[in-house]
Protein chains: 2
Amino acid sequence: MAEQPKYLQVADILRKEIAEGKFRDGQTLMTEEELRMRFNVSRQTVRQAIALLEDDGLVDRRRGSGTYVRHGPRRRMQGTLHVGVITTYITDYIFPNIVSGIESVLSDNGVVMTLSATYNNVKTERSILERMLDGQVDGLIVEGTRTARENENEDLYRRLAERNIPVLFMNSYYPGMMNMPHVVMDDYGGGRIAAREVLSRGYRRPGGMFKVDDLQGKERLKGFLDEMRAGGISIPDDRLLLFSTEERMNWQSTPEGRAFVERLKRREADCVTCYNDAFASSLMNILQQDGMKLPEEMGFIGFDNAIYAELSNPKLTTLGHPKEAFGSLVAEKLLRMISGERERSVNMAWNLIERESLPRVERR
Amino acid sequence: MAEQPKYLQVADILRKEIAEGKFRDGQTLMTEEELRMRFNVSRQTVRQAIALLEDDGLVDRRRGSGTYVRHGPRRRMQGTLHVGVITTYITDYIFPNIVSGIESVLSDNGVVMTLSATYNNVKTERSILERMLDGQVDGLIVEGTRTARENENEDLYRRLAERNIPVLFMNSYYPGMMNMPHVVMDDYGGGRIAAREVLSRGYRRPGGMFKVDDLQGKERLKGFLDEMRAGGISIPDDRLLLFSTEERMNWQSTPEGRAFVERLKRREADCVTCYNDAFASSLMNILQQDGMKLPEEMGFIGFDNAIYAELSNPKLTTLGHPKEAFGSLVAEKLLRMISGERERSVNMAWNLIERESLPRVERR
DNA sequence: TTGCAAGATATGTACGGACAAAAAACGTGG
DNA sequence: CCACGTTTTTTGTCCGTACATATCTTGCAA
C-alpha cells in the first residue's frame, strides 16, 4: 500500500489469476464479499478493482447473480464480431490485394473489419494497438513492424493475450512472441530459390539488395547466401546492399546506396537479387537512365509479383506472393481462432514466375 | 429517483450543460463539493457521475486542481491523433483511390487512420460508430449509408456532436444532420450534364438505370429528368430502372430488371444513362452477350470514371470523379475541423470524359 | 412432479466519514 | 518584486453501513 493503491493491487492479482486460467468454471469463484475477506479490504475497494477488469472486458457482472470470467468468443450474443487488421501500408504495393482477400472472407462471415497502417513505425503500431485494446476487438491480424529488432510493444501484446484476444501475425512476426501463430511466406526458402535460379541461369557474379530490419528481409538474405555458398559462390560484401526502412524512400542518396549503384555501373556484378519488386523496379530504372541495356547487361530477380513486375520493362522475373489467397487464409485462420480452436503457424511456398528480367546467359 | 439512479441523472444534466457550452472557461465551474450541494447528493454519487463523463472523454480530472471540460482538439499532448474513416466499400471500385487520397494527407500529418466498411448496411454502420465512440477518435470521415432513408443512427451522431468530435460526410450525407458538413459530387448537376450530353449527341429515346436508396442516385436521377424535360423529352417509366442496394449483386434477376433488359433488347431505348460505371459495364456485357453491337446499337454513359471505364469495350464515356483529389480535400478539411475551424460543405463539379460508348448518332 | 411463493444471495445505488496526495493560493521574509 | 515555505483547496483512496433490485434456491402446496 505504500506504493500502489489497494484496488490496483487487487485488480492486478485477479488479472493474473484470470490469465492463468484459475477460474475456468465460469464464475469468478469469489463473490465481492469473499474477495473482501480474502484481501482484507472493504467491499468498495473490491468493486473498484472489478470495475477495472470489467472495462478491460475480462469479466461480466450480473446483478443478483455474480461476476463471471469471460473466455472464448467475446461478445456473447448480439453485436457483430469486430476484427482489427494492422498492416504496414494500405494502398501501396501488394497490400490492397492481401487486404482484399481478408476483407472478402470477413464480410462473407458478417464480421466488421477495422484497418490501420503503421507505415513501419513502431510508435504508430503502439498507438493503434492501444486503440484496439480499448476498442474491444474480438481478434487481431497484425503485420509486425521492424520485426528483426526488439519488440517495444510486447507489453501490449501481453495484455491482448491476457484478455484472450487471439492475435495472428502475417508476413512478418516477432520471434518468440508467446505462442501467437503466424502466416508468412517461406522467406528463407524463397532466398534459396532465387539463388538457385540465378546460378542455374549461368550468372557467376551475383549481387543483392535486402532490407534487414524485418524478419522477411533477413531470412531472404540468409537463404540467398546459404544457397550461394552451397553452390560454391561466395559474395563479397560490396556486392550486397543492406538497408532499413528509414532509407526506403531514398536509399539511392545514402553513401552506401550510391557506392552500390556505382559498382553496378562498372559491371562488378552480373545480376541483382532484390528484396522486392518495388526496389528491383526502381533500381532497374536508375541503371537504364545511365544507359545500361537490360536485361542483357544485368539480370534481375525480385520478390512478391507486384504490379510493377508486369508493367516494368523488361518484365520482372520474380517469386510470386499469393496475395488474395494469402489474405483469405489468414482471415479464415483468425475466425477459427476466435471460435476457440488452436491454430498452427504456416509457411507458404513461393512459386517462381519467369518473365524477362533474368535471361539465361553464356559465359561472361 | 423512482426511475433513474441519481448518478445517471446528474451525469445527464452535466452532459447537457456541457453540450450547451455552459462551461466555456475551462473548469467544470463546480468542484465535487459544489456539485454535492447543488444536487443534494453525496460526494460519492457526484464522483460516480463524473466518472461517466470522463469515460466519454468529456472531462479531465486533475488531482489537486479540478475537473476540466475538454473542448477542441481532444488529445492535448502526447499520443497521436486518430481519425476514423467509414466508407461503404474498401477494396472495390473507386474507393481504393479515394482512400489513397485520404491516407496520403493523413499520414503526411502523422495522423493514424482507422478504416472500416459498412457494405451499405445500416446495422454495420451502427456497430462501427459504436466502436469509434468508445475508441476515442478525434475526427470522423463518413460516407453515409442509405442516405435517402431515415437515419437510424442519428442518436450516435448526436453523441459524437456532444463530444465535440468533428464529423465530415463524403459522397453521400444525411440531409438535415446537425450542421455536419459534407464533401460530395454535384450529383444533380452531374445528372443534367449526362442528359445534356445524351441529347446533344442526337439520342431521342433515352433510358436510365439508377440506384435510389442513397442521395447520390436520387439527385443524379432528378438532374437527369429535369434536363430531359427542359430539352422537351419525357421519359416513360418503363425506360427507367430504379433499384436499391439489396439488388446490387443481382438486379438482373429481379422481375423489373429482367423486364428492363428485355425492353432494351427490343431497342425500345437508344441509349442508357447509368448510375455508375460498374452497372454500365455489366449491362453492356449482358447486351453484348445477346448479340447487340455496341456502341452502334445503344449508347452508354456512366458516372465515376472507374477502372471499368477504361477497360471495357467499348471504352465508357463517363463523368469523372476526382477520387484521389477528392480524398485529399476531404482529409484536409477534417484536419482543419479538428483544429477548431468551421468548414463549409462542398459540391464538386464533374468533368465529362469522352470515350467510345456514346457516339454521335444520326436520325434513327 | 410441477408451479409458485418466500427466502437467500449477489450485485447496484447511496450515504457518511476520514485521511492522502497533488496542485493552487497565500503569506512572509528577503 | 521575487523566492520559499505554509495553508487551503481539490481530487484520490479507503472504510463502514444501509437499503434496492435482480437472480437463484428452496420448500411448500396442488
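For chain B, lysine pairs with C-alpha atoms less than 17 angstrom apart, excluding pairs fewer than eight positions apart on the same chain, total 5.
Please state the shape class of the protein assembly as shown: rounded when a/c is under 1.5, otherwise prolate if a/b exceeds b/c and oblate if not, all from the C-alpha gyration tensor. In terms of gyration-tensor shape, oblate. With the convex hull drawn over the C-alpha atoms of the stretch B:291-333, the volume per residue is 60 Å³. Compute the Cα gyration tensor for the stretch A:100-139, then decide on rounded, prolate or oblate, letting a ≥ b ≥ c be the square roots of its eigenvalues: rounded whenever a/c is under 1.5, prolate when a/b is larger than b/c in the other cases, and oblate in all that remain. Note, shape of the stretch A:100-139 comes out oblate. Sorted from closest to farthest, the other copies place their B:Glu34 label points 4.6 nm away, with each point set 7 Å from Cα along Cα→Cβ. When the square roots of the Cα gyration tensor eigenvalues are ordered a ≥ b ≥ c, the ratio a/c for the stretch A:6-69 is under 1.5, which makes its shape rounded. Multiplying the residue separation of A:Asp134 and A:Gln252 by 0.36 nm and subtracting their alpha-carbon distance yields 38.3 nm. Computed from the C-beta positions of A:Ile233 and A:Arg267 and an R0 of 22 Å, the FRET efficiency is 0.80 to the nearest 0.05. With n ≥ 4 as the cut-off for DSSP H runs, can you work out [θ] at 222 nm for chain B, using -39500 (n - 2.57) per run divided by the number of residues, rounded to the nearest 500? Counting only the DSSP helices, I get -12500 deg cm²/dmol. Take A:Ala325, push a point 7 Å out from Cα through the beta-carbon direction, and compare it with the same point in every other copy: 4.1 nm, smallest first.
Placing a pseudo-label 7 Å from each Cα along the Cα-to-Cβ vector at B:Glu310 and B:Glu332 gives an inter-label distance of 2.4 nm. For the stretch B:50-58, 3J(HN,Hα) computed residue by residue from phi via the Karplus equation (6.51, -1.76, 1.60; θ = phi - 60°) reads 5, 4, 4, 4, 5, 4, 6, x, 7 Hz, glycine and proline entered as x.
Within the stretch B:7-123, the proportion of C-alpha pairs whose separation exceeds 21 Å stands at 54%. Summarising the label geometry, the points placed 7 Å from Cα in the beta-carbon direction at B:Ser104 and B:Gln289 lie 3.7 nm from one another. Springs join every pair of Cα atoms under 10 Å in this Gaussian network model of chain B, and among B:Gln136, B:Gln44, B:Gln288 the largest mean-square fluctuation is at B:Gln44.
Pairs of alpha-carbon atoms within less than 8 angstrom and 6+ residues apart define the contacts here; what relative contact order does the stretch B:278-364 have, in percent? Show your work: numbers first, answer last.
Details: 91 pairs, mean separation 29.7, N = 87.
After rounding, I find 34 percent.
Between amide H atoms placed 1.01 Å from N, distances below 5 Å from B:Trp350 occur with B:Asp186, all of them 5 or more places distant or on a separate chain. Measuring nothing but how far apart in sequence close Cα pairs (under 8 Å, 6+ apart) lie, relative to its length, the stretch B:61-147 scores a relative contact order of 40 percent. Sequence-distant contacts, meaning Cα pairs under 8 Å at least 6 residues apart, place the relative contact order of chain A at 17 percent.
In the assembly of identical copies, A:Asp92 has its label point, taken 7 Å from Cα in the direction of the beta carbon, separated from the corresponding points by 2.8 nm (ascending, one decimal).
One equal scatterer on each Cα of the stretch A:214-333, no solvent, Debye formula: the resulting log10 I(q)/I(0) at q = 0.18, 0.22 Å⁻¹ is -1.06, -1.48.
Rounded to the nearest Hz, the phi-derived 3J(HN,Hα) couplings of the stretch B:319-326 under the Karplus curve 6.51 cos²θ - 1.76 cosθ + 1.60 (θ = phi - 60°) are 8, x, 8, x, 6, 3, 4, 4, where x marks glycine and proline. Highest GNM mean-square fluctuation among A:Thr45, A:Thr147, A:Thr317, for chain A modelled with Cα contacts below 10 Å: A:Thr45. Can you give me the C-alpha center-to-center distance between the stretch B:205-246 and the stretch A:82-146, rounded to a whole angstrom? Using only Cα atoms, the two centres lie 39 Å from each other. Taking the longest Cα principal axis of chain B as reference, the axis of helix B:277-289 is set at about 30 degrees.
Annotation: amide H-H contacts under 5 Å for B:Ser172 (H modelled 1.01 Å from N, sequence separation of 5 or more, or interchain): B:Gly144. Each 10 Å bin, from zero up to the one with the longest distance, holds this percent of the alpha carbon pairs of chain A: 5, 22, 26, 19, 13, 8, 5, 2, 0. Amide H contacts under 5 Å for A:Gly66: none, restricted to partners 5 or more places along the chain or on a different chain, H placed in the peptide plane at 1.01 Å from N.
Quick note: the coordinates plus some simple rules give every number you see, no bench work behind them. Quick caveat: nothing in here was measured; it's all calculated off a predicted structure. Heads up, the Cβs are rebuilt from the backbone with ideal geometry, glycines too, and the neighbour counts pull from every protein chain shown.
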